[in-house]
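Reviewing the structure listed below.
The values are calculated or read from the model by the stated rules, or taken from the named source; none is laboratory data. Only a predicted model underlies this, so the values are computations on that prediction, with no experimental measurement involved. Positions of Cβ are generated from backbone atoms using ideal geometry, with glycine treated the same way; all protein chains shown enter the neighbour counts.
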Amino acid sequence: AFDGTSATSSGWFWADLVEEPTTSVRSLWVDPDQTLWLGTEDGVVRREGTQLVPAGLSGTVTFLQGTAADNVLAIVSYEVHHFDGNSWTDLGLANVVAAWTGAANDAILAESGGLVWLWDGSQLTAGPTLPGDADDVWGSQTLGYVALVDGDLYSLEGSAWIGAGEDNLLALWGPLEGPPFAIGSRGRAVRRESGQWVELPTGLGTNLFNIGGSGPNDVVATGVNDFGAYFDGTEWTPIRFPDGFDGFGVLAVSAKAVYLVRDDNVRILHRRDGTQ
């Protein structure tokens, strides 16, 4: 529910969710059924109705993402686990720093040292090595794979990763259907179009740290000093977040809400009513 007092000048309405996890939230994901999944320091939980329900995986979950409730990836202590709707399976890698599943039986997993693995639902296949540890990866066999390494973007072209020459970028994300976006220092944002990364001015001059969305025309990026930016498919618009939120926090976006968790262990989620 909304208290009606937290509207910003840009028309975004915020309210705290009543239900709070008992430990700090480290990752968020919203599935296609609009169910909120939370990766906490005590494992994965799902928000079902007004309750937070354990989802069967323990440990500190630093990454959580999927395509549906029966195809979810989670990173716990650098190990990646897959949820098939019934149980979690350890995929057998011990140094995972980034992961993404773009479709059922289709995931890219990056280990420290630039090692890359492609997973087809049953086995892992070694891919070309990246030039360093990946900060983020994205893609699928159909759309291709991209990665962010030390501020630069790389795309997998045949048997090699090709650098885009884009620097000072801090986060990479894309909707399942594409295209991928990247954000970074001084409000910079780019989107991949026809094999090229195209600049998209955000109107901000401060760093952007985290990005997510419900689709290519509904994207949110977080920045500093309570500011961020919203992309409607055509242009970015600066927006104001609740007081005290910084861009290092956790972000997830559904078709109806934006969920934010502050970085300082405050266990409060703020949401935006997408109809406002």
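Some observations on this one:
- Pairing residues of segment 122-147 that are in contact (Cβ under 8 Å) with a residue 24 or more places away in the chain with residues that are hydroxyl-bearing (Ser, Thr, Tyr) and in a strand (DSSP E or B), at Cβ distances under 7 Å and at least 6 apart in sequence or on separate chains, gives Leu130/Tyr154; Val137/Tyr145; Gly139/Tyr145; Val146/Tyr154; Val146/Ser155; Ala147/Tyr154.
- In segment 194-205, the residues that are assigned to a loop (DSSP other than H, G, I, E, B) and either aliphatic (A, V, I, L, M) or crowded, with 17+ Cβ neighbours inside 10 Å (or both): Leu200, Thr202, Leu204
- Of all the residues in segment 101-135, those that are surrounded by fewer than 19 Cβ atoms within 10 Å (Cβ to Cβ) and touching a helix residue (DSSP H, G or I) at 6+ places or on another chain (Cβ under 8 Å) number 4.
- Search result, residues across segment 207-235 that are surrounded by fewer than 17 Cβ atoms within 10 Å (Cβ to Cβ) and of a type in the set (Ser, Thr, Tyr): Thr234
- Filter result for the condition that a residue is modelled with pLDDT of 95 or more and buried (at least 19 other Cβ atoms within 10 Å of the Cβ), over Ala69, Ala98: Ala98
- Residue-level check: of (1) without any contact (Cβ under 8 Å) to a residue 12 or more places away in the chain; (2) on the phi > 0 side of the Ramachandran plot, Gly113 misses just (1).
- Unique residue being hydroxyl-bearing (Ser, Thr, Tyr), modelled with pLDDT of 90 or more and more than 25 Å from Leu64 (Cα to Cα) when the list is Thr202, Thr275: Thr202
- Subset of segment 156-186 (residues that are on the phi > 0 side of the Ramachandran plot, of a type in the set (Gly, Ala, Ser) and at pLDDT below 95): Gly158, Gly165
- Filtered by the rule that a residue be at pLDDT 85 or above and assigned to a strand (DSSP E or B), segment 7-38 gives Val25, Arg26, Ser27, Leu28, Trp29, Val30, Leu36, Trp37, Leu38.
- Every pair of residues 6+ apart whose Cβ atoms lie under 6 Å, when the first sits in segment 27-48 and is farther than 19 Å from Ser77 by Cβ while the second is surrounded by fewer than 19 Cβ atoms within 10 Å (Cβ to Cβ) and of a type in the set (S, T, N, Q): Arg46/Thr35
- Restricting Ala126, Ala99, Ala110, Ala104 to those that are within 23 Å of Gly195 (Cβ to Cβ) and either under 21 Å from the mean Cα position of the chain (by Cα) or among the small types (Gly, Ala, Ser) (or both) reduces the list to Ala110.
- Pro128 vs. criteria under 24 Å from Val250 (Cα atoms), modelled with pLDDT of 95 or more and either out of contact with any Asp or Glu (no Cβ under 7 Å at 6 or more places or on another chain) or among the aliphatic types (A, V, I, L, M) (or both): no
- For segment 220-241, a residue qualifies if it is at pLDDT below 85, in contact with a strand residue (DSSP E or B) (Cβ under 8 Å, 6 or more places away or on another chain) and part of a loop (DSSP other than H, G, I, E, B), and the qualifying residues are Asp226, Phe241.
- When Gly215, Gly244 are screened for being modelled with pLDDT under 90 and either closer than 25 Å to Phe63 by Cβ or basic (Lys, Arg) (or both), only Gly244 passes.
- Boolean, Val80 is at pLDDT 90 or above, within 27 Å of Pro242 (Cβ to Cβ), among the β-branched types (Val, Ile, Thr) and surrounded by 15 or more Cβ atoms within 10 Å (Cβ to Cβ): no
- Residues that are small (Gly, Ala, Ser) and buried (at least 22 other Cβ atoms within 10 Å of the Cβ) within segment 140-159 comprise just one, Ala147.
- Residue tally, condition in a loop (DSSP other than H, G, I, E, B) and over 20 Å from Pro175 (Cβ atoms), over segment 111-163: 15
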